[in-house]
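The values are calculated or read from the model by the stated rules, or taken from the named source; none is laboratory data. This structure is a prediction, so every number in the text was calculated from the model and none was measured. Ideal geometry is used to build each Cβ from the backbone, glycine not excepted, and the neighbour counts take in all protein chains shown. Ligands, DNA and RNA are stripped out before the accessible areas are found, and what is left, the full protein with its side chains, is counted by its heavy atoms. Shrake-Rupley method; radii C 1.70, N 1.55, O 1.52, S 1.80 Å.
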Amino acid sequence: MDTPDTLPCPCGSGRPLPACCGRYHAGELAGQAPDAEALMRSRYSAFVLDRLDYLLASWHPDTRPASIEPNEPGLRWLGLEVKRHQRQDADHATVEFVARSKLGGRAHRLHEVSRFERIDGRWYYLDGDLSRSR
Ligand SMILES: [Zn+2]
């Protein structure tokens, strides 16, 4: 079995987890993703790895849920594709992405435009609009 040190990052960057999103999950750079895309990628990886603590911590205080359900047993995340990263101003950005998963033999495709806000130098996930496009 792969140890976390050799695991390729779930976000698909091709880098090992500790050199990619793992840096923002824990350790020196915990919670300090440098921009909205890095935060988005680290949140996707956190979904894959069931790091619910990180998902809550990186959620904007105004929209943060009280708790997050862990992944359903058998759910497999297949990959993340970041389509667009747009900065509106110094503290606001949007990221459009597609995340693919599979559960019980059925494929799911989540296409979302997410909004991010920076507060006191830290980026947070605010909310998102699901796209129905195929
Ligand atoms: Zn990553």
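Determine, yes or no, whether Arg115 is closer than 16 Å to Gly128 by Cβ, more than 13 Å from the ligand (Cβ to nearest atom) and assigned to a loop (DSSP other than H, G, I, E, B). For Arg115, the condition - closer than 16 Å to Gly128 by Cβ, more than 13 Å from the ligand (Cβ to nearest atom) and assigned to a loop (DSSP other than H, G, I, E, B) - is not met. Within segment 100-127, the residues that satisfy the criterion of being open to solvent by less than 60 Å² (accessible area, probe 1.4 Å) and closer than 23 Å to Ala30 by Cα are Ser114, Phe116, Glu117, Ile119, Gly121, Trp123, Tyr124, Tyr125, Leu126, Asp127. Within segment 44-61, if we keep just the residues that are farther than 23 Å from Arg106 by Cβ and in contact with a strand residue (DSSP E or B) (Cβ under 7 Å, 6 or more places away or on another chain), the residue that is farthest from the ligand (Cβ to nearest atom) turns out to be His60. Could you give every pair whose Cβ atoms fall below 6 Å, whose first residue belongs to segment 7-18 and is near the ligand (Cβ under 7 Å from one of its atoms), and whose second residue is of a type in the set (Phe, Trp, Tyr) and open to solvent by less than 60 Å² (accessible area, probe 1.4 Å), counting only separations of at least 6 or pairs across chains? Within 6 Å, the pairs are Cys11/Tyr44.
Taking the criterion of being part of a helix (DSSP H, G or I) and either under 21 Å from Pro70 (Cα atoms) or of a type in the set (Phe, Trp, Tyr) (or both), the residues of segment 30-47 that qualify are Leu39, Met40, Arg41, Ser42, Arg43, Tyr44, Ser45, Ala46, Phe47. Hey, can you tell me all the residues within segment 52-82 that are closer than 14 Å to Arg100 by Cα, touching a residue at least 60 places away in the same chain (Cβ under 8 Å) and open to solvent by 70 Å² or more (accessible area, probe 1.4 Å)? Selection gives Glu81 alone.
Yes or no, residue by residue, for (1) of a type outside the set (Ser, Thr, Tyr); (2) in contact with a helix residue (DSSP H, G or I) (Cβ under 8 Å, 6 or more places away or on another chain); (3) over 26 Å from Ala19 (Cα atoms):
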| site | (1), (2), (3) |
| --- | --- |
| Pro34 | yes, no, no |
| Arg51 | yes, yes, no |
| Ala66 | yes, no, yes |
| Pro73 | yes, no, yes |
| Thr94 | no, yes, no |
| Arg106 | yes, no, yes |
| Tyr125 | no, yes, no |
